[in-house]
Amino acid sequence: MQQYGRETRFVCLFVVSIVYACSGDKSSPQRVAQAGGTEVSQSAATGCDASLWNHVYSPKRLQQLAPCLSVTGIIDESNVDEDGDQHFLLKLDPGQDTLVNKRNQKKKGGELVLEIVCANPTKMKKPTAACAGFTNPVPILPVGAHVRATGTYVLDTHNGWTEIHPLSKLERM
């Protein structure tokens, strides 16, 4: 009889945990896992377009750390990659520096990489299929613009740095 009681308590605790986990508010703070195993508290974002993943060239290289995250900062650099993506370096506003890792520090001057997929014609053969017939509506804003960037926070396992890729929104502040 005592064994039955322990199992019942375990099942009840499990059910309560599931209900609690599923009742989260999208605007409440969340814990974002970082590449180094630490966590960062950030506000959950809304407005990410999951269909953009259909246009990411070689998505297996991107390890998702948060499905939708917004950051703010100043665009410090912008260039067109051969795969057709528009790459930006974002100098983050204060309080967000934990979103960049050691590789961002070393190779990107401590800035966060942002990528708008299929923003330009590709010069490579392999990414052509991912962008075929797709026009990305995310605007390409100029260097120096103060922006809010929203998208999927990832670790680019080929390069070792963190990024927002694909970028769902890029808005002037």
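The values are calculated or read from the model by the stated rules, or taken from the named source; none is laboratory data. Please read all numbers here as calculations on a predicted model, not as lab measurements. Here Cβ is always computed from backbone atoms with ideal geometry, including for glycine, and neighbour counts include all displayed protein chains. Only protein heavy atoms, including side chains, enter the accessible area calculation; ligands, DNA and RNA are left aside. Shrake-Rupley method; radii C 1.70, N 1.55, O 1.52, S 1.80 Å.
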Scanning the stretch 62-78 for residues that are closer than 12 Å to LEU90 by Cα and of a type outside the set (Gly, Ala, Ser), the one nearest to the chain's Cα centre (by Cα) turns out to be VAL71
Yes/no for ASP85 being buried (at least 17 other Cβ atoms within 10 Å of the Cβ), in contact (Cβ under 8 Å) with a residue 12 or more places away in the chain and under 22 Å from ASN101 (Cβ atoms) = yes
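Can you find a residue that is more than 20 Å from THR72 (Cα to Cα) and in a loop (DSSP other than H, G, I, E, B) anywhere in the stretch 104-113? Reasoning before the result, please.
Narrowing the stretch 104-113 to residues more than 20 Å from THR72 (Cα to Cα): 106-107.
Going one step further and asking which of them are in a loop (DSSP other than H, G, I, E, B), we end up with none.
No, that holds for no residue.
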The one condition in (1) without any contact (Cβ under 8 Å) to a residue 40 or more places away in the chain; (2) touching a Pro at 6+ places or on another chain (Cβ under 7 Å); (3) among the hydroxyl-bearing types (Ser, Thr, Tyr) that TYR57 fails to fulfil = (1)
(1) in contact with a Lys or Arg (Cβ under 6 Å, 6 or more places away or on another chain); (2) in a strand (DSSP E or B): which one isn't true of GLU82, the others all being true?
-> (2)
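Condition check ((1) more than 26 Å from VAL71 (Cα to Cα); (2) in contact (Cβ under 8 Å) with a residue 60 or more places away in the chain; (3) in contact with a Phe, Trp or Tyr (Cβ under 8 Å, 6 or more places away or on another chain); (4) open to solvent by 20 Å² or more (accessible area, probe 1.4 Å)) across all residues:
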position: LYS108; (1), (2), (3), (4): no, no, yes, yes
position: LEU114; (1), (2), (3), (4): no, no, yes, no
position: VAL117; (1), (2), (3), (4): no, yes, yes, no
position: PRO121; (1), (2), (3), (4): yes, no, no, yes
position: LYS125; (1), (2), (3), (4): yes, no, no, yes
position: THR128; (1), (2), (3), (4): yes, no, no, yes
position: ALA132; (1), (2), (3), (4): yes, no, no, yes
position: VAL143; (1), (2), (3), (4): no, yes, no, yes
position: VAL147; (1), (2), (3), (4): no, yes, no, no
Residue that is nearest to ALA50 (Cα to Cα), among those in the stretch 160-173 that are open to solvent by 20 Å² or more (accessible area, probe 1.4 Å) and out of contact with any helix residue (DSSP H, G or I) (no Cβ under 7 Å at 6 or more places or on another chain) = LYS169
Look through the stretch 114-135, keep the residues that are of a type in the set (Gly, Ala, Ser) and not in a loop (DSSP other than H, G, I, E, B), and return whichever of them is nearest to the chain's Cα centre (by Cα).
-> ALA130
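What residue, among those in the stretch 149-159 that are of a type in the set (Ser, Thr, Tyr) and surrounded by 14 or more Cβ atoms within 10 Å (Cβ to Cβ), is farthest from ARG61 (Cα to Cα)?
Residue satisfying both the conditions and the ranking: THR150.
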